[in-house]
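> One structure coming up, written as structure tokens, with questions to follow.
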Amino acid sequence: MAGRSVIPVALLGLGTVGGGVYELFQRQKDQFFPKAGAIPMITRILVRDMKKPRPGVDPSLLTDRWEEIVGDPEIRIVIEVTGGIEPARTRILEALAAGKNVITANKDLMAEHGAELFAAAEKSGCDLLFEASVAGGIPIIRPMKQCLAGNNISEVMGIVNGTTNYILTRMSRDGMSFSDALKKAQELGYAEADPTADVEGTDAARKLAILSSIAFHSRVVLGDVHVEGISKITARDVAYARELGCCVKLLAVARSDGESIEARVHPMLIPAEHPLATVNDAFNAVFVHGDAVDDAMFLGRGAGALPTASAVLGDVIETVRNIRCHCTGRVGCTCYRQLPVKPVEDTSSRYFLRMQVEDRPGVLASVASVLGNNGVSIAQIIQKNRQGDSAEIVVITDTVLERHLRDSLAIFREMSMIREISAVIRVYG
Ligand code: NAP
Ligand code: HSE
């Protein structure tokens, strides 16, 4: 390495992703110079607990004192893989103010404070790169910001949470219970420290906020995204989906006609022959529709130590190249519009409704009449599982406005002949 320039790097966090980044730095160490013309080297690692055993990690690199990193003028790149909003936000702002380039996998932060962080990066002329924050190892941020920059993008849709995709796959393919599948996903390092954000769809919503902001050049934050998770999906819904030739996936969907944006995350029945139906386990996939490229699909591992580290290392190499060419901060915030986000009531979809009803003449007619009177057209009705004076009915609707469906459901809840609304799931198409 004599005579070759070294770029000191601080790694904040040494958990699942930080451990993967550390390992990949070791694997790549001889190839950094030929790839980037300089050698990024981890010289400091920030952790919370200095006593935790860290096999294979040089203990002299560890610190629990942020001041040692932000106050070290030699450090040119800070990789933030601690997670959460604070203190990560403050540390990133301080690092940028100190002229350090920042690479982060933190979707919580980018989905809520992206504008503030970009403004700080622009002010200091530093790189702020976040490829790992969406869909783990899949290259999607840079392709959308750069390779697809010549398009008007009208749709971004995909499976962007590995944990829920893993759970739904194991429930459907292996008949595993929800809780066993979640436990396994945690063991494999896919789930967040608190898996509620995975299971309730918030993790996917954060990623969709980031993707929509880039796709439509207009800032979308977490609060703009309508979110429903998978915790209410039952084995029975999965079995009906199979009977209907579909599978259940947690989808993130964002569309724009150039005037407004719709952004939502929810479970959906998708036909078994749809390409997304074949995306299983912790794999993620993102579809992008642009007016020039037409359809483009990105597929890969959306979580886990090395796939996520792959995205981080790509950002490190990009930053090293930019440092060498004195052009950090070249691609910053790309939001140059301000489009409103539509309320979910104004969006349209097909729906699967599963209800427990009284088993007597006239009930089906009443259900059909409520739906019809509220502008909800029925595509299919299935009735089975008659037990005593109860029956289960499943209604598949045509494409209807969400507000019309909600009006119908409000009436159903007041009707004694309808004993339970067991499931309301959107259907693709
Ligand atoms: P993790 O396993 O919980 O690791 C977090 C690491 O950060 C730990 O080493 C912890 O230190 C350290 N840390 C946390 N708070 C700290 C603080 N206040 N000060 C100093 N160190 C602190 O988390 P992870 O799964 O690696 O996720 C890290 C980030 O990557 C998150 O933003 C996550 O959303 C994102 N991400 C994760 C994945 C994935 O597959 N896991 C994929 C893409 C993106 P100790 O070791 O001392 O506890
Ligand atoms: N918990 C996330 C997932 C990790 O399951 O996809 C990647 O962000």
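Listed here are the residues, each with its yes/no results for (1) touching a residue at least 40 places away in the same chain (Cβ under 8 Å); (2) closer than 26 Å to Glu243 by Cβ; (3) loosely packed, with under 14 Cβ neighbours inside 10 Å.
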| position | (1), (2), (3) |
| --- | --- |
| Arg337 | yes, no, yes |
| Ser349 | yes, yes, no |
| Phe352 | yes, yes, no |
| Asp359 | no, yes, no |
| Ala368 | no, yes, no |
| Asn374 | no, no, no |
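> Here is a further query. Of the numbered conditions (1) touching a helix residue (DSSP H, G or I) at 6+ places or on another chain (Cβ under 8 Å); (2) under 21 Å from Ile7 (Cβ atoms), Gly125 satisfies every one except a single condition; which is it?
(1)
> Is region 74-95 home to any residue that is in contact with a His (Cβ under 8 Å, 6 or more places away or on another chain) and either under 19 Å from Arg321 (Cβ atoms) or within 16 Å of ligand 1 (Cβ to nearest atom) (or both)?
Scanning region 74-95 turns up at least one residue that is in contact with a His (Cβ under 8 Å, 6 or more places away or on another chain) and either under 19 Å from Arg321 (Cβ atoms) or within 16 Å of ligand 1 (Cβ to nearest atom) (or both).
> Tell me which residues, restricted to region 149-197, are aliphatic (A, V, I, L, M), over 26 Å from Thr347 (Cα atoms) and more than 15 Å from ligand 1 (Cβ to nearest atom).
Ala149, Met171, Met176, Ala181
> Would region 148-163 turn up any residue that is assigned to a helix (DSSP H, G or I), in contact with an Asp or Glu (Cβ under 7 Å, 6 or more places away or on another chain) and not aromatic (Phe, Trp, Tyr)?
Yes, because at least one residue in region 148-163 is assigned to a helix (DSSP H, G or I), in contact with an Asp or Glu (Cβ under 7 Å, 6 or more places away or on another chain) and not aromatic (Phe, Trp, Tyr).
> Looking only at region 186-200, how many residues end up being part of a helix (DSSP H, G or I) and closer than 20 Å to Glu228 by Cα?
4
> Give region 8-41 a look and list any residue that's more than 16 Å from ligand 2 (Cβ to nearest atom), within 23 Å of Lys107 (Cβ to Cβ) and β-branched (Val, Ile, Thr), or say none.
Hit for region 8-41 is Val9, nothing else.
> Considering only region 242-254, I want to know if a residue exists there that is within 16 Å of ligand 1 (Cβ to nearest atom), in contact (Cβ under 8 Å) with a residue 12 or more places away in the chain and not in a strand (DSSP E or B).
Within region 242-254, none of the residues are within 16 Å of ligand 1 (Cβ to nearest atom), in contact (Cβ under 8 Å) with a residue 12 or more places away in the chain and not in a strand (DSSP E or B).
> Can you work out which of the residues in region 192-201 that are of a type outside the set (D, E, K, R), crowded, with 20+ Cβ neighbours inside 10 Å and touching a Gly at 6+ places or on another chain (Cβ under 8 Å) is nearest to Ala263 (Cα to Cα)?
The residue in question is Gly201.
> Determine the pairs where a residue that is within 17 Å of Ser133 (Cα to Cα) and more than 8 Å from ligand 2 (Cβ to nearest atom), located within region 181-208, has a partner that is among the acidic types (Asp, Glu) and part of a loop (DSSP other than H, G, I, E, B) with Cβ atoms under 7 Å apart, the partner being 6 or more residues away or on another chain.
What qualifies is Gly201/Glu228.
> Kindly indicate the residue of region 315-337 that is touching a strand residue (DSSP E or B) at 6+ places or on another chain (Cβ under 6 Å) and not hydrophobic (A, V, I, L, M, F, W, C) and also farthest from Arg4 (Cα to Cα) among those meeting that condition.
Looking at residues that are touching a strand residue (DSSP E or B) at 6+ places or on another chain (Cβ under 6 Å) and not hydrophobic (A, V, I, L, M, F, W, C), I get Arg337.
> Restricting the first residue to region 156-174 and requiring it to be of a type in the set (Lys, Arg), which pairs with a second residue that is part of a helix (DSSP H, G or I) and more than 14 Å from ligand 1 (Cβ to nearest atom) meet a Cβ separation below 8 Å and a spacing of at least six or different chains?
Matching pairs, first to second residue: Arg170/Asp180; Arg170/Ala181; Arg170/Lys184.
> Let me ask something else. With the checklist (1) of a type in the set (S, T, N, Q); (2) within 24 Å of Ile270 (Cα to Cα); (3) surrounded by fewer than 19 Cβ atoms within 10 Å (Cβ to Cβ) in hand, flag the one item Gln186 doesn't pass.
It is condition (2) that Gln186 fails.
> Checking Asp203 against (1) within 12 Å of ligand 1 (Cβ to nearest atom); (2) assigned to a loop (DSSP other than H, G, I, E, B); (3) closer than 19 Å to Asn280 by Cα, which single condition isn't satisfied?
Failing condition for Asp203: (2).
> Please go through region 302-319 and give me each residue that is near ligand 2 (Cβ under 9 Å from one of its atoms) and surrounded by fewer than 21 Cβ atoms within 10 Å (Cβ to Cβ), ordered by number.
Result: Gly304, single match.
> For region 296-345, which residues satisfy the criterion of being part of a loop (DSSP other than H, G, I, E, B) and out of contact with any helix residue (DSSP H, G or I) (no Cβ under 8 Å at 6 or more places or on another chain)?
Cys325, His326, Cys327, Tyr336, Gln338, Pro340, Lys342, Pro343
> How many residues does region 30-61 hold that are within 13 Å of Leu14 (Cα to Cα) and buried (at least 17 other Cβ atoms within 10 Å of the Cβ)?
Count: 8.
Matching residues to (1) crowded, with 21+ Cβ neighbours inside 10 Å; (2) among the charged types (D, E, K, R); (3) touching a Pro at 6+ places or on another chain (Cβ under 6 Å):
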site: Tyr190; (1), (2), (3): yes, no, no
site: Arg206; (1), (2), (3): yes, yes, no
site: Val248; (1), (2), (3): yes, no, yes
site: Ser256; (1), (2), (3): yes, no, no
site: Asp291; (1), (2), (3): no, yes, no
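> Among the strands (runs of 3 or more DSSP E) confined wholly to region 351-429, which include 1 or more residues that are under 31 Å from the mean Cα position of the chain (by Cα) and of a type in the set (A, V, I, L, M, F, W, C)?
Here the list reads 390-397, 418-427.
> Can you work out which of the residues in region 210-232 that are hydrophobic (A, V, I, L, M, F, W, C) and touching a Leu at 6+ places or on another chain (Cβ under 7 Å) is farthest from Ile382 (Cα to Cα)?
Phe216
Read the figures in this text as sums done on the coordinates, not as results from a lab. Predicted, not measured: the structure shown is a model, and the values here were computed from it. Note that each Cβ is placed from the backbone with ideal geometry, even for glycine, and that neighbours are counted across all protein chains shown.
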